[in-house]
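All remarks here apply to the structure that follows.
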Amino acid sequence: MRTRSTPLLALSVLRSTAGLISWASPAHSWRAFGLGPMHQVGSAGVATRLFGVRDLALGMALHHPSADVRKAAVEAGIAIDVLDVAASVIGRRAGAPAASLAGVAAGATLFVVLGVTIIADSAAS
């Protein structure tokens, strides 16, 4: 897996930024992702920080010197993001507003597309 690819850099920057913002300021990340105001800052803040540190770690792993580690991080991210999209669908079926979930599902879908592109590019090389 190449260390310098536009999709890899984009995924790293986007995922790391989403993770850092979510960990540093859960309330701001909720608004940035279109989830609206955070009503239960305590519980929701903890869950948001858990998401944030996960994405920050995955984003930083994309800079690891080992191609195997970078590939594993991309593959793990794809699996996690597919589950994030599924969680959005489950949330919608449970009554969450579609507008609130659109940003989350769109972001996860973008990460899946970038991850699949990275894997396909590395297979073609």
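Here are some residues: I90, I80, I118. Which one is among the aliphatic types (A, V, I, L, M), crowded, with 16+ Cβ neighbours inside 10 Å and out of contact with any helix residue (DSSP H, G or I) (no Cβ under 6 Å at 6 or more places or on another chain)? Give the steps one after another, and end with the answer.
Details: I90 fails: crowded, with 16+ Cβ neighbours inside 10 Å; I118 fails: out of contact with any helix residue (DSSP H, G or I) (no Cβ under 6 Å at 6 or more places or on another chain).
When all the criteria are applied, what remains is I80.
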Original post:
Take the residues of the range 33-66 that are surrounded by 15 or more Cβ atoms within 10 Å (Cβ to Cβ) and touching a residue at least 60 places away in the same chain (Cβ under 8 Å): which is nearest to the chain's Cα centre (by Cα)?
Top reply: F33
Subject >> So S122, is it more than 15 Å from the chain's Cα centre (by Cα) and polar (S, T, N, Q) >> reply: yes
Original post:
Within the range 97-107, can one find any residue that is assigned to a helix (DSSP H, G or I), among the hydroxyl-bearing types (S, T, Y) and buried (at least 19 other Cβ atoms within 10 Å of the Cβ)?
Top reply: no
**OP:** State which residue pairs qualify: first residue at negative phi and inside the range 97-120, second residue surrounded by 15 or more Cβ atoms within 10 Å (Cβ to Cβ) and hydroxyl-bearing (S, T, Y) in any location, beta carbons under 8 Å apart, and separation of 6 or more residues or different chains.
**Re:** L101/S88; V104/S88; A105/S88; A108/S88; I118/S5
Original post:
In the set S29, S12, which member is assigned to a helix (DSSP H, G or I), touching a residue at least 24 places away in the same chain (Cβ under 8 Å) and hydroxyl-bearing (S, T, Y)?
Top reply: S12
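We did not get these values from a lab; they are worked out from the coordinates using the rules stated. Values in this document were obtained by computation on a predicted structure and should not be read as measured data. Using ideal geometry, Cβ is built from the backbone for each residue, glycine included, and neighbour counts are taken over all protein chains shown.
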